[in-house]
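The values are calculated or read from the model by the stated rules, or taken from the named source; none is laboratory data. Note that this is a predicted model, so its numbers are computed, not measured. Positions of Cβ are backbone-derived with ideal geometry, glycine not excepted, and every protein chain shown enters the neighbour counts.
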Amino acid sequence: MADTRRRTFGPVVLAGLATAGLAALAGNRAWAEWTGEPRGRGSLLTITGGDQVTVPLAGALALVVLACWGVLLVTRGKVRRAVAALALLVSVGMVATSVFGYLSATVDLRNDLEDAGAADLTVEPTVWYYLFLVSALLAIVVAGAALVLAPAWPEMGSRYDAPGSTRPPREATSVDLWRALDEGRDPTLTDRKPTDP
């Protein structure tokens, strides 16, 4: 069972990176497109530039989840589980942002276009919005799997730790030498155990 859970490390991490990367891409694109007719003498051709529905928070949250997956690769123990929990929490925030952010942004766009002289407005979500929403939902599933499976995943050895994070071996003092002699060990034979011939 433990070996089976260890083998999930690669697929789960790859799925997490893929969903977060796709969400980061989709979160920085226009989430809605609109059509409308000019009302009176006003022209819709004057409405350009800031008339796209974007939710910057969505892309930012996706980048946080992407960073969490990078950290999961190099951490171990409780830190790894804490990062998986953070990825899960932020993924839930991505879903909330996709719903409430989209509604808020489209209402603002509709108001701006009506103020500019547009009538018969139709605002519809783009494929980028759906991609972000699906990616956010999948990110919740994958982060939840990481939270459950992380304790059984392989960890990087301590040799990959930053220099200075482990204590160097302490040199033997004269007290240590006398203690070794009292215990019946020869302190000059550091590589051999007392039971060795």
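In table form, for the structure just shown:
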{"quantity": "Hits in segment 70-91 (condition: among the hydrophobic types (A, V, I, L, M, F, W, C) and touching a helix residue (DSSP H, G or I) at 6+ places or on another chain (Cβ under 7 Å))", "calculated": "VAL71, LEU72, LEU73, VAL83, ALA84, ALA85, LEU86, ALA87, LEU88, VAL90"}
{"quantity": "Failed criterion for LEU109 (all others in (1) surrounded by 15 or more Cβ atoms within 10 Å (Cβ to Cβ); (2) modelled with pLDDT of 80 or more hold)", "calculated": "(2)"}
{"quantity": "Positions within segment 3-31 being over 21 Å from THR106 (Cβ atoms), surrounded by 15 or more Cβ atoms within 10 Å (Cβ to Cβ) and either of a type in the set (A, V, I, L, M, F, W, C) or at pLDDT 90 or above (or both), in sequence order", "calculated": "PHE9, VAL12, VAL13, ALA15, GLY16, LEU17, ALA18, THR19, ALA20, GLY21, LEU22, ALA24"}
{"quantity": "Residue list for segment 112-122, filter: at pLDDT below 70, aliphatic (A, V, I, L, M) and not in a strand (DSSP E or B)", "calculated": "ALA116"}
{"quantity": "Residue within segment 34-43 that is assigned to a helix (DSSP H, G or I) and either modelled with pLDDT under 80 or under 19 Å from LEU133 (Cα atoms) (or both) present", "calculated": "no"}
{"quantity": "Of all residues making up segment 44-60, the number that are hydrophobic (A, V, I, L, M, F, W, C) and modelled with pLDDT of 65 or more", "calculated": "5"}
{"quantity": "Near pairs, Cβ below 9 angstrom, 6+ apart or cross-chain, from segment 53-67 (within 23 Å of ARG80 (Cα to Cα)) to any residue that is aromatic (Phe, Trp, Tyr) and surrounded by 21 or more Cβ atoms within 10 Å (Cβ to Cβ)", "calculated": "ALA62/PHE132"}
